[in-house]
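Before any comments, here is the structure.
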Amino acid sequence: MDNQKLKILKDLNKTIELAKGTKLYKNKKLHKLNSLTELSKLPFTSKEDLRDSYPYGGLAVPQSEIIEAHTTSGTTGKPTLSFFTKKDLAEGSKAISEAWRTFGINKKSKVMFIMSYGLYSGAALNTYAIQSIGAFVLPSGIQPVLTQLNFMVDFEIDTIIATPGYLLYLYQWMKTNKFDRSKLKLIRAIAAGEVYSNDIREDIENKLQIKVFDHYGLCEVNTGIAYECTERKGLHVIDDYVIPEVVDPKTNKVLPVGEYGELVFTSLRKDASPIIRYRTKDITCIMPGKCPCGRSRIRIGRIKSRIGETLFIKGLKIDPYELRDFVRKYLGSKLFAGDIQIIIKENDIKFIPKILMTFVKNDPKVLRNLQLKIYEFTKVKFQVKNVPQEFFNREKNNKVKFIVHEK
Ligand SMILES: [Zn+2]
């Protein structure tokens, strides 16, 4: 075993030892490992496990040691928590700063967050990471679009962080309101928080005239743990900070490199909230070969879809992300504004599922043809409805619910 692997094994065993002392892992069979491959013998941790241990069940240090808590923005049930000691925050932001340096952020950069702050870890921890580089951060959060744009102009912002859907909305808003793009110094955006295809990325890039990078993370493990380099051939995992695995969601077996399955993470340097084999529900693979950029970090593919979001309508299985990409491709970037919502009702065969979206131009013929094409593609009859942009309330939300299960 080389020195780097030995260090990772040492950190992993420390994490296991810390986890063993928590209520969350009391009944899970954790033991010391002799090699990294033995990790696959340890039990998984699910979101439900974390919810059941709310609030302090997952805490591995005395309460007096924690200085911050982050939680998921989850709307159902109890939230999941992640605690940080002073050391955790320092180590976490240092690790994540690698991603920001790779995006091109340096001391002169001016970065603005169009993400909700509050308890949401994505914004807070990334802010610390960027500040550790010495760059300027404007923690704008959620504001009316005009306010955001004025900030971008006044502070000469070069980088924004937002959801991909919000970025498309931003463009649409600028176009509708004849906002002069040349007033902005914007050169890049980090789009995160939603699954989006390369097509959608290209659309955003062409419309806003910027470069868009993907950044992956989740509150339960840590935000910003995988990032794209300029090659944009998969995401580099900060693999001495977390260990990624991809498992078969049905058999729970670790999958070989290149095979798609559920992404699983184990933390290496989080004392307050150590986490072992957390099931993310995100579908991707470990990528084979080396990235042309030369980095030796493990790479994962961009997230393809999420477990639990597959639609089952009238006995048919539909991947909502594939459906969205199909709609976008059919309409083209000139007609597709960006926001889309699928409404379904399970166990009701009479219910006609709906797709609500904003068309840039209202043309009943296009709408009818799209409905037909969707039927050909899915074999399910969807009712496509054109709704005004305001319906999605982007002024108050950076995220729009993609799938709505009607009761
Ligand atoms: Zn690379």
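Every residue in the stretch 210-224 that is of a type in the set (S, T, Y) and either surrounded by fewer than 18 Cβ atoms within 10 Å (Cβ to Cβ) or within 15 Å of the ligand (Cβ to nearest atom) (or both), please.
We begin by selecting, within the stretch 210-224, every residue of a type in the set (S, T, Y); these are 216, 223.
Within the stretch 210-224, just Y216 meets the criteria.
Of T266, T280, T251, which residue is β-branched (V, I, T) and either within 11 Å of the ligand (Cβ to nearest atom) or surrounded by fewer than 19 Cβ atoms within 10 Å (Cβ to Cβ) (or both)?
So the residue among T266, T280, T251 that is β-branched (V, I, T) and either within 11 Å of the ligand (Cβ to nearest atom) or surrounded by fewer than 19 Cβ atoms within 10 Å (Cβ to Cβ) (or both) is T251.
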**Message:** Test of understanding: among I352, I374, I344, I340, which residue is at pLDDT 90 or above, aliphatic (A, V, I, L, M) and surrounded by fewer than 16 Cβ atoms within 10 Å (Cβ to Cβ)?
**Reply:** I352
**Asked** Before we move on, is S296 under 22 Å from the mean Cα position of the chain (by Cα) and either surrounded by fewer than 19 Cβ atoms within 10 Å (Cβ to Cβ) or more than 16 Å from the ligand (Cβ to nearest atom) (or both)?
**Response** no
**Prompt:** Applying the selection to the stretch 225-248, what residues are within 16 Å of the ligand (Cβ to nearest atom), touching a Phe, Trp or Tyr at 6+ places or on another chain (Cβ under 9 Å) and of a type outside the set (F, W, Y)?
**Reply:** I225, A226, E228, C229, T230, R232, L235, H236, V237, I238, P244
**Asked** When N106 is evaluated against the numbered criteria (1) out of contact with any Gly (no Cβ under 9 Å at 6 or more places or on another chain); (2) part of a loop (DSSP other than H, G, I, E, B), which criterion, by number, is the only one it fails?
**Response** (1)
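To keep it simple, each residue is scored yes or no on (1) part of a loop (DSSP other than H, G, I, E, B); (2) not small (G, A, S).
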site: S140; (1), (2): yes, no
site: Q143; (1), (2): yes, yes
site: V153; (1), (2): no, yes
site: I157; (1), (2): yes, yes
**Hey, A69 modelled with pLDDT under 95, out of contact with any helix residue (DSSP H, G or I) (no Cβ under 8 Å at 6 or more places or on another chain) and part of a helix (DSSP H, G or I) or not** = no
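The values are calculated or read from the model by the stated rules, or taken from the named source; none is laboratory data. Just so we're clear, the structure is a prediction, and the values are computed from it rather than from any experiment. Cβ sites come from the backbone with ideal geometry, for glycine too, and all protein chains shown count toward neighbours.
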